[in-house]
Amino acid sequence: MEIRRLNTDDEAELARFHAIGDRAERFERPYATTWGLDEMRIELTEEDPSERKDCVVAIDGEEIVGAGIAFSATNDNTHLSWLMPWVEPERRRRGIGSAVLAELVAICRADHRTDLVIESAYPFDRREDHPYRRFAEKNGFVLANTEIRRVRTLPVEDVDLDALMAEAAPHHEGYRIEAFEDPLPDELLPSLCAAHNRLAVDAPGGDLEFEPESLTPELVRVHEDQRRRQGRRKIATLAISDAGEVVGYTDLVIPPEDLPNVWQWGTLVTAEHRGHHLGMAMKARALKELQTRIGPERTRILTCNAEQNGYMVSINERLGFRAVEVTPAFLLRQS
């Protein structure tokens, strides 16, 4: 078996790479989220000034039997890479996944990455002995953080969003809550970037170590343009101070495929503006905005939160999110 780089210029090879990843992610996971082929093509073939993607395939004879990606930020957190090894269900237990993972580890080691992370997902009752956990531990990774995936069905009919927003409103006088689709107003970008760059540091991460990110207004525009070409729509619901600065945000993304899902991306209120119920105000407003911008084919939102993030978990539970699976992160720390 040969492990080599993915040829992204070969349409058939890219399609096979995508198919392996899609099948691997969806196996025994009714709440998996995946990229469409066109989304992945744009993600992997266009240069991103803030992130490198190293893609490999496992070849047995003439057939691609395994695949994997290493995601590595280039402007910050350069000690860290996120690894995704994929094998189709019927080909597992043949050493393919370990061979793909070993190649990704070698690529990251050559780039002086010291903290390598695999994220996984499986049922609560298998959190101690699921095969995905055993695979990670067999390859030298240790459990570093545990998040919980939660699902909220759409449309929201069992929760009074207006009442939740009214309950929060007296606590955040002097702030306003606004929602935008791309592109965001120029004047909000500097403060939005400052807030966004705190997310990895401020959110509970267990044994994972992060430094602030380095998102800039210029990168925001690059990513907006990429999402437009991918067919993704992002609804950013922002908390804005009376000085006109973004002090909190929550992002919902509507992918072009991956029915019936809507993706919850980051949510943050900056430390100095907490205690004003802005988290609930933004999340409830975001749900109301979403329902005016989607069709009946979108029937659920998926989100993840660290188990120890009690504040955000409590907001999501009041909004009707229910826990459906464990999503742990496994760490290989190397010198």
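Assorted remarks:
- Mean projection of the Cα convex hull over all viewing directions, computed for the stretch 25-160: 11.4 nm².
- Among [x] 20.2, 67; [y] 18.7, 51; [z] 18.7, 55, the entry that matches Rg and Dmax of the Cα atoms in Å as calculated here: [x]
- Partner lysines whose Cα lies under 27 Å from the Cα of Lys234, excluding those fewer than 8 positions away in the same chain, are identified as Lys53, Lys283, Lys288.
- Choice from Pro217, Pro155, Pro49 showing the highest fluctuation, given a GNM over the chain with Cα pairs closer than 10 Å: Pro49
- Entry for the stretch 114-228 at q = 0.14, 0.16 Å⁻¹: log10 I(q)/I(0) = -1.02, -1.14, Debye formula applied to identical alpha-carbon scatterers, no solvent contribution.
- Rolling a 1.4 Å probe over the protein heavy atoms of the stretch 46-86, with every protein chain left in place, gives an accessible area that is 45 percent carbon and sulfur.
- Furthest towards positive pole of dipole, Pro123, Leu278, His112, structure part the chain, Cβ charges: Pro123
- Cα shape, the stretch 216-256, gyration tensor, a/c 1.5 rule: oblate
- For Ile294, no residue 5 or more places off, or on another chain, has a built amide H under 5 Å of its own.
- Charge dipole (debye, nearest 20) of the chain; +1 at Cβ of Lys and Arg, -1 at Cβ of Asp and Glu: 880
- Remark: the Ala166-Thr8 segment gains 51.8 nm on full extension, using 0.36 nm per residue and subtracting the alpha carbon distance.
- 0 to 90° range, to nearest 10: angle between helix 96-110 axis and the chain longest Cα axis: 70
- Rel. contact order, % - alpha carbon contacts under 8 angstrom, at least six apart, the chain: 23
- Residue (of Met165, Thr153, Gly140) at the positive-pole extreme of the stretch 126-165, dipole from beta-carbon charges: Gly140
- Relative contact order %, the stretch 141-274, counting alpha carbon pairs below 8 Å whose residues are six or more apart: 25
- What separates the Cα centres of the stretch 75-140 and the stretch 152-181 is a distance of 39 Å.
The values are calculated or read from the model by the stated rules, or taken from the named source; none is laboratory data. As the structure is a prediction and not an experimental result, all values here were calculated from the model. Here Cβ is always computed from backbone atoms with ideal geometry, including for glycine, and neighbour counts include all displayed protein chains. Heavy atoms of the whole protein, side chains included, go into the accessibility calculation; ligands, DNA and RNA do not. Shrake-Rupley method; radii C 1.70, N 1.55, O 1.52, S 1.80 Å.
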